[in-house]
Amino acid sequence: MGNSTSPARRVITVPVPGIVGDDVSVPRILADRLRAVVHAGYDVIRLDVSELTHCDSMTLAAIVQTYVSVVKTGGELKLVHVGKRFRELLAVTKLDRVIAIVEADDDPSGEYLDPDATRLRRA
């Protein structure tokens, strides 16, 4: 039997900042953003990777660490706007078997963290 009194899941879409050249601050910025939304109690994190033109090991590690944190609390991490090159990287690392890749229109509900991560907006 389902529990009809369970609270609604909190959904947020978080943009991944684009990497410019050898900018090593992007993985740290991404990790900080993701840590903040996990600690804020969001159940479903939709990670918008549309601006991700290059993915180094630190960026991938931030995504995997967030996935582990969210799953431990019963939540989900989904990747949206996944481009061909990033999709190929996920396939090579077999992360596409672990982390859900969804189309942007699959679940447009929730909140959105603006690109500079200063405020939320509703869907």
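The values are calculated or read from the model by the stated rules, or taken from the named source; none is laboratory data. Bear in mind that the values here come from a model prediction, so they are computed numbers and not experimental data. Cβ: placed from backbone, ideal geometry, glycine included. Neighbour counts: every protein chain shown.
Name the pairs whose Cβ atoms lie under 7 Å apart, with the first residue in segment 13-30 and at positive phi and among the hydroxyl-bearing types (Ser, Thr, Tyr), the second at pLDDT below 70 and surrounded by 14 or more Cβ atoms within 10 Å (Cβ to Cβ), and 6 or more positions between them or separate chains?
From segment 13-30, no pairs qualify.
Just checking, which of VAL44, VAL26, VAL49 is within 17 Å of GLY74 (Cβ to Cβ) and surrounded by 17 or more Cβ atoms within 10 Å (Cβ to Cβ)?
Going through VAL44, VAL26, VAL49 in turn, just one is within 17 Å of GLY74 (Cβ to Cβ) and surrounded by 17 or more Cβ atoms within 10 Å (Cβ to Cβ): VAL44.
Mind counting the residues in segment 21-57 that are in a loop (DSSP other than H, G, I, E, B) and charged (D, E, K, R)? Talk me through it step by step, then tell me what you get.
Kept after step one, since they are in a loop (DSSP other than H, G, I, E, B), are these residues of segment 21-57: 21-24, 40-43, 49-56.
Filter again for charged (D, E, K, R), leaving 22-23, 43, 51, 56.
Within segment 21-57, residues that are in a loop (DSSP other than H, G, I, E, B) and charged (D, E, K, R) number 5.
For segment 52-104, what are the residues that are within 19 Å of VAL38 (Cα to Cα), buried (at least 16 other Cβ atoms within 10 Å of the Cβ) and either in contact with a Pro (Cβ under 6 Å, 6 or more places away or on another chain) or of a type in the set (D, E, K, R) (or both)?
THR59, ALA62, GLU76, LYS78
Just checking, does segment 93-103 include any residue being outside any loop (DSSP other than H, G, I, E, B), within 14 Å of the chain's Cα centre (by Cα), at pLDDT below 90 and not β-branched (Val, Ile, Thr)?
no
Criterion first (modelled with pLDDT under 90, farther than 19 Å from ILE29 by Cα and not in a strand (DSSP E or B)) does SER69 satisfy it? Write out each step before concluding.
Numbers: modelled with pLDDT under 90: yes; farther than 19 Å from ILE29 by Cα: no; not in a strand (DSSP E or B): yes.
In short, no.
Of the residues LEU60, LEU77, LEU89, which is assigned to a helix (DSSP H, G or I), touching a helix residue (DSSP H, G or I) at 6+ places or on another chain (Cβ under 8 Å) and more than 15 Å from GLY18 (Cα to Cα)?
On the way: LEU60 fails: more than 15 Å from GLY18 (Cα to Cα); LEU77 fails: assigned to a helix (DSSP H, G or I).
From the options LEU60, LEU77, LEU89, the qualifying one is LEU89.
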